[in-house]
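*Asks:* What follows is a structure written as structure tokens; I'll ask about it next.
The values are calculated or read from the model by the stated rules, or taken from the named source; none is laboratory data. These numbers were taken from a predicted model, which means no experiment stands behind them. Backbone-built Cβ (ideal geometry, glycine too); neighbour counts: all protein chains shown.
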């Protein structure tokens, strides 16, 4: 008899209705080329009112304790670096400054390679092993690449990481250290580089583990565990708003799906609204939401010229419009774009007020909160949780550019005294 | 009636026997200038055989769940960034390569600012608040400085961080982002800079929160929580050896004290041996252990010239010889020095074999393990735990120096094909 806690799921193509079993090796629907949706057949779903908590197997490492909610069925395929389990921190000073009732920060910078992408790649690499792939491949501005490289290394797989020429030094070195094969493409566009990756992967049989539901429906499922943890950390009383930085949009879709799962299990009643934030210098998703574009339009109209310090979310295409736009709509949420100057201000505020050094792409969530408060979209006194997606140490140069130089002081009492009294 | 779970302790000066209450503001013994030892009066100590586990208060954040074992009595003084709770990872591939029976890695790079120093400064800043200090100060090669700056920021205190001219860019930027006052002294010697800090602190009334038991007996107590977690993660069956990088030596002393506490509580029988590892280019502690120097000699004879990539442990003085030397002796342990080349090899191996990117000062623990296996000090089949103390992203330049350049590839199918097939 199968363990009732092990996940059972199938792939379904919403456009044409086709479905395939969990063992399917197709990354997209062979009938209509649609993107797969993963449908779980939860044991607990039969009696939702009686679910005692989020289905889990506590002895499994990292986020795999939520295995019953993830598309991995072979425990032997799991490679964990202890991802997830990140703290939910109360930011009293910053919250008061932004005029919200309570501000909490989910510190995803604490993941193994320093970003929330580790949750996705932990699942993606496990799936790659279940399907017996030997080489995985991603296109990345750095964070997905580091996660893919680290988990591939730990699993003994080869990794091909395609990065744009703009990738920061910290991320480049990190990926190279994990022993991955780095392909640094002399081009700034993620959408363009993705086409090259797709072509190369088809030619050479690489398994794409990018965090876009459009090309791999499994990887992104790892993002759901952020919501599971948030629910447990708040004793199932979720905040009014959940604010996330947005690149290709897939994370929003999976955060929302996790919220719907918790409601279906009878564990939460009221769900947060979702707000997606992008940098004004690369905001195709915000444009799609605010101008009411269709999924089709949003998924194909590339942003013309990327110009932002928030490189980790500078996707010029809304790869996952098919899940991201419904998430905003169904949650009664919104999207907002923020200028780099406000992002850098909030990066400083997070460090100096709360002791958290995050990369610019994380600080956009706070800059977005400030804008949404100013607009009146988020009401005074609301409870808000922002996702901090990546570690500031991954892009030291951008932070350094906004700081004054630190002069050398002569090693004498007189020089020290003059220096510290001058401040 | 006082909460029996709250810590009760006093300060005792082992050299002269003087003791003071927990409220004492003296950082050293006013009688003989000796270093204080913190003595706990554990409630559980009355009936050690019946301790149900490590005394704790689970609802407190981060490492403060172990409050009954820490020298902080006012819960309102606590500032937590969710430090501690780091994963213990099994390194099967690397363990087999080094010929040990089981190799586990305590991944301290996962702390809030990326190093194990966060555990110490969480305690140090809480103590500073209990004593109503407004300005804290440390001397640091970068990690302690980042921790002090982050926790001071979160607590609303001012921080003065004295760093040597050699501090890596990542650590410098991180400390500056937290809003600390950085004093970058044009000198390479921690011992020398410490003297300047001591002088300035006395002149200006700063509270020193350095992680040396010699100058602040409270801060280092946070290191004990590494052992508490290790004990819980191993179900109280500890490894044969615990290997740690060593700077001023205090961490070894506190790891050992925590082990003795667990034995006194009746929670563990057999304790691990401790091995301390330093870089060959700055190894005063190893010299002291291997040449049988006295505490007095070790604590005063500075290493003449620092020459190593492992800057985070390049203390030219064994500041805490009074606790570190007894820890090695009493545990039946040892100390070993490793050349930088072996450290960099193990840094690569940790990343490429296990998916963990740590700074050189962490990799020395593995390089030390390799040496101790070669010497025969650690027997084949032994169970070993190494502490990985800091994140590789804190010093990207050192890692980059050991990697080949990543060339740009033209954004065409032909160029990509030529590039990936060449590998």
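*Asks:* Can you confirm whether the range A:284-295 contains a residue that is in contact (Cβ under 8 Å) with a residue 60 or more places away in the chain, part of a loop (DSSP other than H, G, I, E, B) and on the phi < 0 side of the Ramachandran plot? Let's see the steps before the verdict.
*Replies:* Filtering the range A:284-295 down to residues in contact (Cβ under 8 Å) with a residue 60 or more places away in the chain leaves none.
Checking the range A:284-295: not a single residue is in contact (Cβ under 8 Å) with a residue 60 or more places away in the chain, part of a loop (DSSP other than H, G, I, E, B) and on the phi < 0 side of the Ramachandran plot.
*Asks:* Okay, moving on. I need the full set of residues from the range B:365-417 which are out of contact with any strand residue (DSSP E or B) (no Cβ under 9 Å at 6 or more places or on another chain), within 7 Å of another protein chain (Cβ to nearest Cβ) and under 18 Å from residue B:308 (Cβ atoms), in order please.
*Replies:* B:396, B:399, B:400
*Asks:* Okay, next question. Just one of the numbered conditions (1) under 22 Å from residue B:154 (Cβ atoms); (2) away from chain A (no Cβ under 12 Å) is not true of residue B:273; which one?
*Replies:* So residue B:273 meets the others, but not (1).
*Asks:* Name the residues in the range B:268-277 that are surrounded by fewer than 23 Cβ atoms within 10 Å (Cβ to Cβ) and assigned to a loop (DSSP other than H, G, I, E, B), would you? First the steps, then the outcome.
*Replies:* Filtering the range B:268-277 for residues surrounded by fewer than 23 Cβ atoms within 10 Å (Cβ to Cβ) gives B:268-271, B:273.
The answer is B:268, B:269, B:270, B:271.
*Asks:* Check whether at least one residue in the range A:394-401 is at pLDDT 95 or above, over 26 Å from the mean Cα position of the chain (by Cα) and under 22 Å from residue B:148 (Cα atoms), and report yes or no.
*Replies:* No, there is no match, as no residue in the range A:394-401 is at pLDDT 95 or above, over 26 Å from the mean Cα position of the chain (by Cα) and under 22 Å from residue B:148 (Cα atoms).
*Asks:* OK, next. Do we find that residue B:229 is part of a helix (DSSP H, G or I), surrounded by fewer than 24 Cβ atoms within 10 Å (Cβ to Cβ), within 14 Å of chain A (Cβ to nearest Cβ) and in contact (Cβ under 8 Å) with a residue 60 or more places away in the chain in this structure?
*Replies:* yes
*Asks:* Of the residues that sit in the range A:335-356 and are assigned to a loop (DSSP other than H, G, I, E, B) and out of contact with any strand residue (DSSP E or B) (no Cβ under 7 Å at 6 or more places or on another chain), which one is farthest from the other protein chains (Cβ to nearest Cβ)?
*Replies:* Start the filter on the range A:335-356 by keeping residues that are assigned to a loop (DSSP other than H, G, I, E, B), which leaves A:339, A:355-356.
Subset that is out of contact with any strand residue (DSSP E or B) (no Cβ under 7 Å at 6 or more places or on another chain): A:339, A:355.
On the way: A:339: 20, A:355: 4 Å.
Top of the filtered list is A:339.
*Asks:* Tell me whether the range B:321-330 contains one or more residues that are assigned to a loop (DSSP other than H, G, I, E, B) and touching a residue at least 40 places away in the same chain (Cβ under 8 Å).
*Replies:* Residues of the range B:321-330 that are assigned to a loop (DSSP other than H, G, I, E, B), as a first pass: none.
No - not one qualifying residue is present in the range B:321-330.
*Asks:* Taking helices (runs of 4 or more DSSP H) that fall entirely within the range B:90-161, which contain at least 1 residues that are surrounded by 24 or more Cβ atoms within 10 Å (Cβ to Cβ)?
*Replies:* Those helices (runs of 4 or more DSSP H) span B:117-130, B:143-155.
*Asks:* Still on this model: Being buried (at least 21 other Cβ atoms within 10 Å of the Cβ), within 7 Å of chain B (Cβ to nearest Cβ) and under 14 Å from residue B:402 (Cα atoms) is the filter here, so list the residues in the range A:171-189 that pass it.
*Replies:* A:172, A:173, A:174, A:176, A:177, A:178
*Asks:* Can I ask one more? Would you mention how many residues in the range A:149-170 are within 7 Å of chain B (Cβ to nearest Cβ), within 22 Å of residue B:398 (Cβ to Cβ) and in contact (Cβ under 8 Å) with a residue 40 or more places away in the chain?
*Replies:* Counting residues in the range A:149-170 that are within 7 Å of chain B (Cβ to nearest Cβ), within 22 Å of residue B:398 (Cβ to Cβ) and in contact (Cβ under 8 Å) with a residue 40 or more places away in the chain gives 3.
*Asks:* Residue A:327: away from chain B (no Cβ under 14 Å) and within 30 Å of residue B:172 (Cα to Cα), yes or no?
*Replies:* Values: away from chain B (no Cβ under 14 Å): yes; within 30 Å of residue B:172 (Cα to Cα): no.
Taking the combined requirement at face value, the residue does not satisfy it.
*Asks:* Also, quick follow-up: Residue check, residue B:174 against (1) assigned to a helix (DSSP H, G or I); (2) touching a strand residue (DSSP E or B) at 6+ places or on another chain (Cβ under 9 Å); (3) within 20 Å of residue A:93 (Cβ to Cβ), all met but one. Which one?
*Replies:* Going through (1) assigned to a helix (DSSP H, G or I); (2) touching a strand residue (DSSP E or B) at 6+ places or on another chain (Cβ under 9 Å); (3) within 20 Å of residue A:93 (Cβ to Cβ) one by one, residue B:174 breaks only (2).
*Asks:* Tally time: how many residues in the range B:93-121 are free of Cβ contacts under 8 Å to residues at least 12 places away in the same chain and facing chain A (nearest Cβ under 10 Å)? Explain how you work it out, then say what you get.
*Replies:* Step one: filter the range B:93-121 for residues free of Cβ contacts under 8 Å to residues at least 12 places away in the same chain, giving B:96.
So of that shortlist, the ones also facing chain A (nearest Cβ under 10 Å) come out as none.
Going through the range B:93-121 one residue at a time, the tally reaches 0.
*Asks:* Please count how many residues of the range B:190-205 are in contact with a strand residue (DSSP E or B) (Cβ under 9 Å, 6 or more places away or on another chain) and facing chain A (nearest Cβ under 9 Å).
*Replies:* Here the count works out to 6.
*Asks:* Limited to the range B:407-423, what total is found for residues that are more than 47 Å from the chain's Cα centre (by Cα) and loosely packed, with under 12 Cβ neighbours inside 10 Å?
*Replies:* Here the count works out to 1.
*Asks:* Residue check: is residue A:132 modelled with pLDDT of 95 or more and in contact with a strand residue (DSSP E or B) (Cβ under 9 Å, 6 or more places away or on another chain)? Write out each step before concluding.
*Replies:* On the way: modelled with pLDDT of 95 or more: yes; in contact with a strand residue (DSSP E or B) (Cβ under 9 Å, 6 or more places away or on another chain): no.
For residue A:132, the condition - modelled with pLDDT of 95 or more and in contact with a strand residue (DSSP E or B) (Cβ under 9 Å, 6 or more places away or on another chain) - is not met.
*Asks:* Could we say that residue B:68 is in contact with a helix residue (DSSP H, G or I) (Cβ under 6 Å, 6 or more places away or on another chain) and more than 12 Å from every other protein chain (Cβ to nearest Cβ) here?
*Replies:* On the way: in contact with a helix residue (DSSP H, G or I) (Cβ under 6 Å, 6 or more places away or on another chain): no; more than 12 Å from every other protein chain (Cβ to nearest Cβ): yes.
So residue B:68 does not fit the description; no.
*Asks:* Can you find a residue that is more than 21 Å from residue B:364 (Cα to Cα), modelled with pLDDT under 95 and within 18 Å of the chain's Cα centre (by Cα) anywhere in the range B:197-213?
*Replies:* Yes; the residues of the range B:197-213 include at least one that is more than 21 Å from residue B:364 (Cα to Cα), modelled with pLDDT under 95 and within 18 Å of the chain's Cα centre (by Cα).
*Asks:* Is one or more of the residues making up the range A:79-86 within 14 Å of another protein chain (Cβ to nearest Cβ), at positive phi and surrounded by fewer than 24 Cβ atoms within 10 Å (Cβ to Cβ)?
*Replies:* Our first condition is that a residue be within 14 Å of another protein chain (Cβ to nearest Cβ); within the range A:79-86, this holds for A:79-86.
Restricting the remaining residues to those that are at positive phi gives A:82, A:84-85.
Cutting the leftovers down to surrounded by fewer than 24 Cβ atoms within 10 Å (Cβ to Cβ) gives us A:82, A:85.
Yes, some residue in the range A:79-86 is within 14 Å of another protein chain (Cβ to nearest Cβ), at positive phi and surrounded by fewer than 24 Cβ atoms within 10 Å (Cβ to Cβ).
*Asks:* Does at least one position in the range B:57-69 carry a residue that is part of a loop (DSSP other than H, G, I, E, B) and surrounded by 21 or more Cβ atoms within 10 Å (Cβ to Cβ)? It would help to see each step written out before you state the result.
*Replies:* In the first step, residues of the range B:57-69 are kept if they are part of a loop (DSSP other than H, G, I, E, B); the result is B:57-61.
With the extra rule that they be surrounded by 21 or more Cβ atoms within 10 Å (Cβ to Cβ), the set shrinks to none.
No, every residue in the range B:57-69 fails to be part of a loop (DSSP other than H, G, I, E, B) and surrounded by 21 or more Cβ atoms within 10 Å (Cβ to Cβ).
*Asks:* Is it the case that some residue within the range A:247-267 is assigned to a loop (DSSP other than H, G, I, E, B) and within 14 Å of chain B (Cβ to nearest Cβ)?
*Replies:* So the first thing to find is which residues in the range A:247-267 are assigned to a loop (DSSP other than H, G, I, E, B), and the list is A:247-249, A:265-267.
Now restrict to residues that are within 14 Å of chain B (Cβ to nearest Cβ): none.
For the range A:247-267, residues assigned to a loop (DSSP other than H, G, I, E, B) and within 14 Å of chain B (Cβ to nearest Cβ): absent.
*Asks:* Okay, moving on. Pairs, please: C-beta under 6 Å, at least 6 apart or cross-chain, first residue free of Cβ contacts under 8 Å to residues at least 24 places away in the same chain and in the range B:349-371, second buried (at least 24 other Cβ atoms within 10 Å of the Cβ) and outside any helix (DSSP H, G or I)?
*Replies:* Short answer, once both residue conditions are applied: B:355/A:81.
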